[in-house]
Amino acid sequence: NDILRPGSTVWLHHSLLKCKPAQPPPGTDPTRFPSWRHWWPANVIDMDDQKHRMLLELSNVPNSRIEVEDLFLTETLEDVIQNSEVRYIEWKDLTLETMSTKHSSLVGLKDLYSLSRPLGKGQKIDFFVSHSWRDNAMNKWQRLQALVALFVQKNGRPPTFWFDRFCLNHDRSTNSLKGLCVYINSCNSTLVLCGETYPHRLWCAWELFTIIAFQHEECIVSRLVVIPLDTTDDCPLESKSLDALTHFDVDNTHCYDPNDEWRLKSIISSVGCADFNEKFRKMAKKIIKMRFKDKRRTMKELKFIEPIPSEGHRMRAHVAQTTQTIVMIDSAVDDEPSRSP
């Protein structure tokens, strides 16, 4: 492990602590980083690379040593490709309840993981979903219903999805950084559900950057579907969340896990934060330009398409404002069904 060494600082989730310290974590601002109230900084005392174990001591808490599994234990990309099982979830297994943020415990995440299934050899997933779990679940659910309706209309079947919450093994989540390109390339298209918090989530930014970093612009346009969550009937092309992407600043983005944030920002800093910001803003401007240029479907054609509810929730969405916001939908929803699971 070349990331950590004795003297380094890591963050422990309070679930790993036998007793929660009385005082708040030092050096944190709970108003700015509300999720970090669940984490406590610790100093690395010793490391056993063979056993992949770490001896830590909580910052400002005497006699608080604890031995844990190496938090930054990672595999090579070759190991990730070989060992990481690419999984997908079917539309019938998605519900508004499972799309909500209340399933946040590790036990709950394991239950959600069981809803997904492994991808077969030679198969492709229809959509890699990039979104913020902090954005409104109902808004995302309604947009998904509308998208599924269009997909079924063209392909005669519901689409399949890659969602992090359902398809990642959270016991091995430290490898998600290296496995991201594997998951994206296992999907025909990338679906971006862009809401109010999306521009400020570092993982969302990293997902988008991974998509554009290794593909030609023509390929990006044909495989990217962007749906803002804050459009209205009166202003279907105006989105504050998309506009915020054009002013993106990596310093204003954060992760739920401060260890993830440290790793991602270390990588970005090594190539230059200013360069990263510039490339990201340029990409965001292209996305907005795509929205105005796409006239393949008129509002009238989209307005009365019936949403297809999942088996879990027989609810109807207001499709008019949702389908108006779908970007490059004809490119993403092929005339011929893809080789799907």
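Some values worked out for this structure:
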read-out	value
Complete set of residues in the stretch 155-182 that are at pLDDT 90 or above and of a type in the set (Ser, Thr, Tyr)	160
Of all residues in the stretch 211-254 being of a type in the set (S, T, N, Q) and at pLDDT below 85, the one that is nearest to residue 132 (Cα to Cα)	231
Filtered residues of the stretch 139-160 (kept if of a type in the set (Gly, Ala, Ser) and surrounded by 22 or more Cβ atoms within 10 Å (Cβ to Cβ))	146
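The values are calculated or read from the model by the stated rules, or taken from the named source; none is laboratory data. From a predicted model like this one, the values you see are computed outputs, not experimental measurements. Glycine also receives a Cβ, built like all others from the backbone with ideal geometry; neighbour counts cover every protein chain displayed.
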